[in-house]
Amino acid sequence: MPPDGLKNSRKRKQVDEDTYTPQNTVQLEMLTDEEDTGPVSSDDDETEEFPEIDSGSDSESDQEGIEDDDEQQSDDDSDELDSDASLRIFPKAKTEISDITGKPKRVYPEIEADYDSDSSTEDAPNRVGNIPMHWYDDLPHIGYDINGKKVLRPARGDELDKFLATVDDPDAWMSAFDKNLQLDKPLTNEELDLIRRLYKGENPDIGYDPYEPMVEWFTGKGKEEIMPLSAAPEPKRRWIPSKWEKQKVMKIVRAIRQGRIVPNKPKSTNKMEFFSIWSDQPSALQQPPAPAPKVRLPTNSESYNPPEEYLPTTEEQEEWKQKDREDRERDYLPQKYPSLRLVPAYDRFIQERFHRQLDLYLAPRVQRVKLNMDPKSLIPKLPSPSTLRPFPNYKSLSFAHTKGRARCLSVSPDGAWVASGDEGGVVSLWEVNVGRETKRWQFKNKVSSIEWCPRMDVSYLMIGVEEELHFLIPPNLPDDIYSRTKSLLSPSTLPAQPSPSPLTWESISLDGQSIDKPILSIRLPSSSGTPTHIAWHRRGDYVATVSTGGPQNNVWIHQMSRRHSQAPFKKVKGSVQVVLFHPTKPHFFVATQQYIRIYNLSEQQLLKTLNPGMKWISSMDIHPSGDHLIVGGYDRKLCWFDLELSDKPYKSLRYHTRAIRSVCYHPTYPLFASSSDDGSIQVFHARVYNDLLTDALIVPLKILRGHQVQEGLGVLQIKWCTRQPWLLSSGADGQVALWCS
């Protein structure tokens, strides 16, 4: 049975809640532990009196019942009531009429906390809990307080306001931003000390002592341990097999022997697997496969009730049956049925389906990407030849050699005279403008090479005949030029020879000098061969010759001022075909059958080896700037080298149908040409830029045809006029042609 005190308390509560309406609200003060300095109530204290109750709100019977109940409380229950009252101290509620429902409601007063309490300084704390605060970034509030009202976002200034706030507040560095309240909260001393410890790498626990004395668990007097730690004897079960485990193992063994336990069978790999070649996703490296071909749609003849014109006659049926399956136009015979229900099953369904599967499996389709582009767009856009004038485009005049092939020719430095030689030993000097022959020299053997000295203060020719080099002075020269030329080739006092040479310089005496004979001759060593190539240095003092046809190819460099000749190489790898001097540097180009070697004459060392990729080099020429080189070969290939770029060709051109005999740069115009045994001359526009990032522009301009091919030989040599865009060519037909613009 519950005590009477509890009954009375419950009854009092019920009466207060149901019938009584409090008139006066009691204001209570909740003191903290420090402020509550009064004596602590004990079990012997008297119970507090309840506030007075308005007697007008209830009936007299109720009051009498309550008073009787109060008098019946015993002294034993007073302690329990005192403790209960001390724990449940609440202000009384007021009853008001609701404006919404019109019924009475209870309203409790707000609790006013003391000034020194923990919650007295809090301004509407945020009660959203532990959630990401970025959810409220786009909202004007940052959460809700304890009453469910929105906590508005506090105003925050810009970076300047923050800086000014730190200047005014000396304790600004001891605060941290609270994401929950969106405010800067000051840090306590404990939090600052924790941050300092973490910054120094110390233990964050303030009570941690790294130097505390070690606890000696197994040392000291009376604590010594003798290994092992326990002196108990080893149990018997550690070395005797367990009988129970033996029984379990034998039970499993007997089950395996009897077949009651079967191990896992390995998966059989004999099962046939099928793969769909069109269902796989295509890779990024390969093109996607084409979709599966669709079945051909049926026609009118395949209908179960086709028109009469599709039905074959008896003769056509017999003819169709007698033909082989490959020769039949159709794989079936059209038949007519009165209704669809009478149509039998297709007798060749399985065969056709099988052949279709073979077609899909054995012949997978690959989608081919079709390039929709204009073929003309693949051709590089080159300027029109009409905008690149002048260049030679027609044959102006020709000079004929009647005794044999016009094998070589040369143009004077001023571009007014041309000297040409043929295999009959005839050297003709004729004028460029009119084509009139002014002088002819006759030699015993064929003329293999001719070159004019590039000096402008003197004028003479160098002729290469069988194992001899002859120097000729042209007629009709001014007196000063003639005197200087004669003093150079036939001086009154010969210079001293620096060293003995196997070559012999022979000058004709003053009595025997004649304009019809060479004024100076150089005799090459015996069995040295025919001098097929002559190359002058730009200053006109040095000249290089190449002799072929002998047991060993000989390269000689002759110095005119000292009347001295020397061989620059003791041993040459390969058969030398052509040599050249660099126009601005002391470099010497030597072309063998397959390679071109560049030597530095001043340092006497090899600089570079060019590989044109030809089987046999026939000719070469260097650009006036000295940075580019063109090489022609007997395998119909022409290579353009950029000497600053690489040892491989920058451009390789193959436009002649037969062997290329000669290539030549124009000394002043951006032109170069090549001649071939097919009887044609190709003229190109070749513009070279000073900018290293811009490639050379090569544009084909004109194909000149005018020489006849005889015995497989066409145009043997070409030369440019120095001051005009004119081209001279000598051919195997004995003709020397002038091509003008």
*Considering every residue within the stretch 578-589, establish whether at least one is among the aromatic types (Phe, Trp, Tyr), within 41 Å of the chain's Cα centre (by Cα) and under 18 Å from TRP640 (Cβ atoms).*
yes
*Pairs, please: C-beta under 6 Å, at least 6 apart or cross-chain, first residue assigned by TED's automatic domain parsing to the domain that holds TYR665 and in the stretch 698-722, second open to solvent by 40 Å² or more (accessible area, probe 1.4 Å) and among the polar types (S, T, N, Q)?*
LYS702/ASN393
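Considering only strands (runs of 3 or more DSSP E) fully contained in the stretch 460-567, which possess at least 2 residues that are among the aromatic types (Phe, Trp, Tyr), free of Cβ contacts under 8 Å to residues at least 12 places away in the same chain and in contact with a Phe, Trp or Tyr (Cβ under 6 Å, 6 or more places away or on another chain)?
Numbers: elements: 461-465, 468-472, 504-507, 520-523, 529-536, 542-549, 554-559, 564-566.
Those strands (runs of 3 or more DSSP E) do not exist here; none qualify.
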*Could you tell me whether any residue of the stretch 245-263 is modelled with pLDDT under 85, under 58 Å from the mean Cα position of the chain (by Cα) and more than 30 Å from LEU342 (Cβ to Cβ)?*
yes
*Under 8 Å between Cβ atoms, at least 6 apart or on separate chains: pull out the pairs that start in the stretch 140-167 with a residue that is open to solvent by 80 Å² or more (accessible area, probe 1.4 Å) and end on any residue that is at pLDDT below 85 and of a type in the set (Lys, Arg).*
TYR144/ARG127; ILE146/ARG127
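Condition check ((1) open to solvent by 90 Å² or more (accessible area, probe 1.4 Å); (2) over 18 Å from ARG296 (Cβ atoms)) across all residues:
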residue	(1), (2)
GLU319	yes, yes
ARG325	yes, no
ASP331	no, no
GLN335	yes, yes
ARG341	yes, yes
TYR346	yes, no
GLU352	no, no
ARG356	no, no
*asked:* Quick check on my filter: what residues within the stretch 574-610 are open to solvent by 70 Å² or more (accessible area, probe 1.4 Å) and assigned to a strand (DSSP E or B)?
replied: GLN605, LEU606, LEU607
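If a residue has to be in contact with a Leu (Cβ under 9 Å, 6 or more places away or on another chain) and open to solvent by less than 10 Å² (accessible area, probe 1.4 Å) to count, how many in the stretch 621-641 make the cut?
Of the stretch 621-641, the ones in contact with a Leu (Cβ under 9 Å, 6 or more places away or on another chain) are 621-623, 626-632, 637-641.
From what is left, the residues that are open to solvent by less than 10 Å² (accessible area, probe 1.4 Å) are 626, 629-632, 638-641.
Counting residues in the stretch 621-641 that are in contact with a Leu (Cβ under 9 Å, 6 or more places away or on another chain) and open to solvent by less than 10 Å² (accessible area, probe 1.4 Å) gives 9.
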*Every residue from the stretch 192-222 that is open to solvent by 80 Å² or more (accessible area, probe 1.4 Å) and not in a loop (DSSP other than H, G, I, E, B)*: ILE195, ARG196, LEU198, TYR199, LYS200
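Considering each residue of the stretch 374-394, count those that are outside any helix (DSSP H, G or I) and without any contact (Cβ under 8 Å) to a residue 12 or more places away in the chain, and give that number. Full working, then the answer.
Our first condition is that a residue be outside any helix (DSSP H, G or I); within the stretch 374-394, this holds for 374, 379-384, 389-394.
Subsequent filtering for residues that are without any contact (Cβ under 8 Å) to a residue 12 or more places away in the chain retains 374, 379-381, 384.
Result for the stretch 374-394: 5.
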*Residues being surrounded by 21 or more Cβ atoms within 10 Å (Cβ to Cβ), of a type in the set (S, T, N, Q) and assigned to a loop (DSSP other than H, G, I, E, B): count how many of those fall in the stretch 431-458.*
1
*Filter the stretch 168-191 down to residues that are closer than 13 Å to PRO125 by Cβ and either open to solvent by 50 Å² or more (accessible area, probe 1.4 Å) or in contact with a strand residue (DSSP E or B) (Cβ under 7 Å, 6 or more places away or on another chain) (or both), then give me how many there are.*
4
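The values are calculated or read from the model by the stated rules, or taken from the named source; none is laboratory data. Everything numeric here is computed off the predicted structure, so don't read it as measured data. Virtual Cβ from ideal backbone geometry, glycine too; neighbours counted across all protein chains shown. Calculation scope for accessible area: heavy atoms of the full protein, side chains included, ligands and nucleic acids excluded. Shrake-Rupley method; radii C 1.70, N 1.55, O 1.52, S 1.80 Å.
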